[in-house]
């Protein structure tokens, strides 16, 4: 289950649910009306037999992917050998960030959990522009505008994707039909856990883009 929210965008993707669950657009619309939000929500079963949307036009509109790109970035970094596993270390350079959780060394797992921008910028420098270019094209992941800054392209509007495309991509991640190793998928599966109980596990990623006004928020998974 993934849920994304911002001043202008909300997206919810449910990857798996009981066939007895029913949802109607008016129910989704009520959520937005109740909270005075402008946005979209997409709920889909894994096999596409049930897809529910609020604001279909917006669901098909591309937006800056922001930190939801950490899902793909993690897979690319692992596959390219830039990071070895979830315990890979990112060393803090001492710069003080407003978000205190960023102000120390991180593992790949903790960097994902706290959405550490500087950590993934370190990773991006090691991966390089050509490798991103190749992977994004091969994966069919959104639209990448050239030229781009290798440490900012997922934040500054150079890489965009729609909510509907996010859902489709996450299904490929779930089914492991993308060209990444089992090891890379296994590591991603471990670090994506946002909430876990005896009844369910939520694997997800939030994102917040400030390259536009108002900002764009995501929660996908």
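You will find that of 75, 108, the residue that is surrounded by fewer than 23 Cβ atoms within 10 Å (Cβ to Cβ), closer than 25 Å to residue 195 by Cβ and touching a residue at least 40 places away in the same chain (Cβ under 8 Å) is 75 and no other.
Just one of the listed residues (137, 84, 113, 171) is out of contact with any strand residue (DSSP E or B) (no Cβ under 6 Å at 6 or more places or on another chain), surrounded by fewer than 20 Cβ atoms within 10 Å (Cβ to Cβ) and farther than 30 Å from residue 40 by Cα, and it is 84.
Is it the case that some residue within region 77-94 is part of a helix (DSSP H, G or I) and within 16 Å of the chain's Cα centre (by Cα)? Scanning region 77-94, I find at least one residue that is part of a helix (DSSP H, G or I) and within 16 Å of the chain's Cα centre (by Cα), so the answer is yes. Checking the structure you have, find out if any residue of region 82-94 is closer than 26 Å to residue 163 by Cβ and at pLDDT 95 or above. Looking for residues that are closer than 26 Å to residue 163 by Cβ and at pLDDT 95 or above, one finds none in region 82-94, hence no. Condition (residue is surrounded by fewer than 21 Cβ atoms within 10 Å (Cβ to Cβ) and more than 18 Å from residue 82 (Cβ to Cβ)) applied to region 119-132: is it met by at least one residue? No, every residue in region 119-132 fails to be surrounded by fewer than 21 Cβ atoms within 10 Å (Cβ to Cβ) and more than 18 Å from residue 82 (Cβ to Cβ). Before we move on, is residue 67 loosely packed, with under 14 Cβ neighbours inside 10 Å and out of contact with any helix residue (DSSP H, G or I) (no Cβ under 7 Å at 6 or more places or on another chain)? For residue 67, the condition - loosely packed, with under 14 Cβ neighbours inside 10 Å and out of contact with any helix residue (DSSP H, G or I) (no Cβ under 7 Å at 6 or more places or on another chain) - is not met. Scanning region 153-168 for residues that are touching a residue at least 12 places away in the same chain (Cβ under 8 Å) and out of contact with any strand residue (DSSP E or B) (no Cβ under 8 Å at 6 or more places or on another chain) gives a single hit, 165.
A quick yes/no check of all residues on (1) in a loop (DSSP other than H, G, I, E, B); (2) at pLDDT below 90; (3) touching a helix residue (DSSP H, G or I) at 6+ places or on another chain (Cβ under 6 Å):
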| position | (1), (2), (3) |
| --- | --- |
| 8 | yes, yes, no |
| 11 | no, yes, yes |
| 15 | yes, yes, yes |
| 22 | yes, yes, no |
| 27 | no, yes, no |
| 31 | no, yes, no |
| 42 | no, no, yes |
| 48 | yes, yes, no |
| 58 | no, no, no |
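The values are calculated or read from the model by the stated rules, or taken from the named source; none is laboratory data. If you're wondering where the values come from, they're calculated on a predicted model, not measured in any experiment. Heads up, the Cβs are rebuilt from the backbone with ideal geometry, glycines too, and the neighbour counts pull from every protein chain shown.
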